[in-house]
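Quick notes on the structure that follows.
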Amino acid sequence: MKNIELGVNTICTHIGEVEDKQFKGAISPLFMTNSYAYENVEVLRYPRYFNTPNQEALCKKIAALEKTEAGLIFGSGMAAVSTALLAFLNNGDHVVVQNTIYGGAYNFIVEEFPKYGIEFDFTDGFSKEDFSSKIKTNTKVIYVETPSNPLMKITDLEMISRLAKERNLVSLIDNTFASPINQTPSDFGIDVMIHSATKYLGGHSDICAGAVAASNEHIEKIWNVAKNLGGSLSEYTVWLLERSMKTLAIRVKAHNKNAKKIAKWLHKNPLVNHVYYPGLKSHPNYKLAKKQMNGFTGMLSFELNESVNSDTFLKSLELIKPSMSLAGVESTILAPSKTSHALLGEEERKNQGISEGLLRLSVGIEDRKDLISDLKQAFEKSNI
Ligand SMILES: *Cc1c(COP(=O)(O)O)cnc(C)c1O
């Protein structure tokens, strides 16, 4: 059977396994060693070479899901982001970066690139003109993230890929929010897909990991930098991530379904000013999201009306946990102004449309009626 013919649930369950030749166990055995023979072997294996049996197997699963030739697994999403960017950027090069990206990626670029003599410009918006106007003669990379955090803005992947090809740039996307189930950017010609596997790929709020998927040629470039930077993932966590990814497709579909219903419920709620969810017809990029996504994710944001006290609202929730991070099977919620976007300062937050009453909800896979009851009682308690 060729991978290309397999359904997504079969890929999640079966592609990229370590065959247990000794005992014929049904799942991948875990090779918990950092020391492999060097004589009479085809490859020199070492955890930081990203090529132990468990790592190699899991890379195949990621690559199959992203429809690329190869993949790499990292110790965190930021190890994946930093290594991938540094693989394509040298001293004197320039990168065009979408204006709203994950805070950690923003800090990495702003704090580290000047040390390496790498130039960067952030776009003013999401249109073709916003991106193309920032391209310079030394631009090598275009970096995007869609849907964006926390306002769920959508970047046109076909437009980005065309622009990158016209101007001979490598296009990189942080595909974390969508997951490969909801969005396969390689279908639109994007070169390199990056994930914080801490989120949907892991999905149980228990591990920190990252992943990259791309062509053999691009992965080789990334690997050359990866082995120097050393951001590999420990074997046990590789094994846990493989286990988690077996249920990725069914989990993500459950997240999608719950979030869409909850977004609709919030949209109708008079105590909510605005709901940001690409699966709602009221979202300004609904059509684009529909074109390039298979589902709209479990992530949404909503702005409380002035008559709701957001602290009381968060404290009143019983099932939905106010906490950092996202994309676990359990629903979590946070106020970006006090957490992920606190360092931006009030002025910049205002520019980006992140108000004090904005809440980002990561919808889990619990029963929808229970999540809605929880939200309902929290609204009742916090409506002043
Ligand atoms: C969490 C996150 C990252 C960083 O991943 P870590 O695993 O925390 O290093 C990068 N991009 C996005 C969109 C994220 O949500």
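The values are calculated or read from the model by the stated rules, or taken from the named source; none is laboratory data. What you see is a predicted model; the values in this text were computed from it and never measured. Neighbour counts are summed over all protein chains in view; Cβ atoms, including those assigned to glycine, are modelled from backbone coordinates with ideal geometry.
In the list Lys115, Lys153, Lys136, which residue meets the criterion of being within 18 Å of Asp93 (Cβ to Cβ) and in a loop (DSSP other than H, G, I, E, B)?
Details: Lys115 fails: in a loop (DSSP other than H, G, I, E, B); Lys153 fails: within 18 Å of Asp93 (Cβ to Cβ).
Residue meeting the stated conditions: Lys136.
Taking segment 323-356, which residues are farther than 20 Å from Asn273 by Cβ, at pLDDT 95 or above and either aromatic (Phe, Trp, Tyr) or not in a loop (DSSP other than H, G, I, E, B) (or both)?
Within segment 323-356, Thr332 is the sole residue that qualifies.
Taking Val170, is it surrounded by fewer than 24 Cβ atoms within 10 Å (Cβ to Cβ), in the same structural domain as Tyr49 (by TED's automatic domain parsing) and at pLDDT 95 or above?
Numbers: surrounded by fewer than 24 Cβ atoms within 10 Å (Cβ to Cβ): yes; in the same structural domain as Tyr49 (by TED's automatic domain parsing): yes; at pLDDT 95 or above: yes.
Spelling it out, Val170 is indeed surrounded by fewer than 24 Cβ atoms within 10 Å (Cβ to Cβ), in the same structural domain as Tyr49 (by TED's automatic domain parsing) and at pLDDT 95 or above.
Within the group Glu112, Glu119, Glu129, which residue is among the charged types (D, E, K, R), modelled with pLDDT of 95 or more and within 16 Å of the ligand (Cβ to nearest atom)? Break it down stepwise before answering.
Numbers: Glu119 fails: within 16 Å of the ligand (Cβ to nearest atom); Glu129 fails: within 16 Å of the ligand (Cβ to nearest atom).
After ruling out the rest, the residue left standing is Glu112.
Of the conditions (1) touching a residue at least 12 places away in the same chain (Cβ under 8 Å); (2) within 19 Å of Lys268 (Cα to Cα); (3) not β-branched (Val, Ile, Thr), Ser355 satisfies every one except a single condition; which number is it?
Here Ser355 meets the rest and fails (2).
Considering segment 76-97 alone, what residues qualify as being within 14 Å of the ligand (Cβ to nearest atom) and in contact with a helix residue (DSSP H, G or I) (Cβ under 8 Å, 6 or more places away or on another chain)? Before the answer, list the steps.
Here is the first cut: in segment 76-97, the ones within 14 Å of the ligand (Cβ to nearest atom) are 76-85, 97.
Within segment 76-97, Gly77, Met78, Ala79, Val81, Ser82, Thr83, Ala84, Leu85, Val97 qualify.
With Ile101, Ile73 as the choices, which residue is part of a strand (DSSP E or B) and either surrounded by 17 or more Cβ atoms within 10 Å (Cβ to Cβ) or in the same structural domain as Lys350 (by TED's automatic domain parsing) (or both)? Please lay out each step first, then the result.
Values: Ile101 fails: part of a strand (DSSP E or B).
Selected residue: Ile73, the only one of Ile101, Ile73 that is part of a strand (DSSP E or B) and either surrounded by 17 or more Cβ atoms within 10 Å (Cβ to Cβ) or in the same structural domain as Lys350 (by TED's automatic domain parsing) (or both).
State which residue is nearest to the chain's Cα centre (by Cα) when the search covers only segment 156-186 and only residues that are part of a loop (DSSP other than H, G, I, E, B) and within 11 Å of the ligand (Cβ to nearest atom). Can you show your working first?
First pass over segment 156-186, keeping only residues part of a loop (DSSP other than H, G, I, E, B): 156, 167-169, 175-178, 183-184.
Cutting the leftovers down to within 11 Å of the ligand (Cβ to nearest atom) gives us 175-178.
Details: Asn175: 4, Thr176: 1, Phe177: 4, Ala178: 6 Å.
That would be Thr176.
For Ser301, which of the numbered conditions (1) polar (S, T, N, Q); (2) more than 21 Å from Asn175 (Cα to Cα); (3) at pLDDT 95 or above fails to hold?
Against the list (1) polar (S, T, N, Q); (2) more than 21 Å from Asn175 (Cα to Cα); (3) at pLDDT 95 or above, Ser301 comes up short only on (2).
Of all the residues that make up segment 363-384, how many are within 20 Å of Asn309 (Cα to Cα) and not aliphatic (A, V, I, L, M)? Explain how you work it out, then say what you get.
Of the residues in segment 363-384, the ones within 20 Å of Asn309 (Cα to Cα) are 371-384.
Filter again for not aliphatic (A, V, I, L, M), leaving 373-374, 376-377, 379-383.
Residues meeting the conditions: 9.
Report yes if Ser244 is modelled with pLDDT of 95 or more, within 18 Å of Ser28 (Cβ to Cβ), buried (at least 18 other Cβ atoms within 10 Å of the Cβ) and within 14 Å of the ligand (Cβ to nearest atom), otherwise no. Spell out the reasoning first.
Numbers: modelled with pLDDT of 95 or more: yes; within 18 Å of Ser28 (Cβ to Cβ): yes; buried (at least 18 other Cβ atoms within 10 Å of the Cβ): yes; within 14 Å of the ligand (Cβ to nearest atom): yes.
So Ser244 passes the test.
Taking the condition in contact (Cβ under 8 Å) with a residue 12 or more places away in the chain and farther than 30 Å from Ile15 by Cβ, does Ser132 pass? I'd like the intermediate steps shown before the answer.
Working: in contact (Cβ under 8 Å) with a residue 12 or more places away in the chain: yes; farther than 30 Å from Ile15 by Cβ: yes.
Against the criterion (in contact (Cβ under 8 Å) with a residue 12 or more places away in the chain and farther than 30 Å from Ile15 by Cβ), Ser132 qualifies.
Can you find a residue in segment 216-237 that is in contact (Cβ under 8 Å) with a residue 12 or more places away in the chain and touching a His at 6+ places or on another chain (Cβ under 9 Å)?
The answer is no; no qualifying residue exists.
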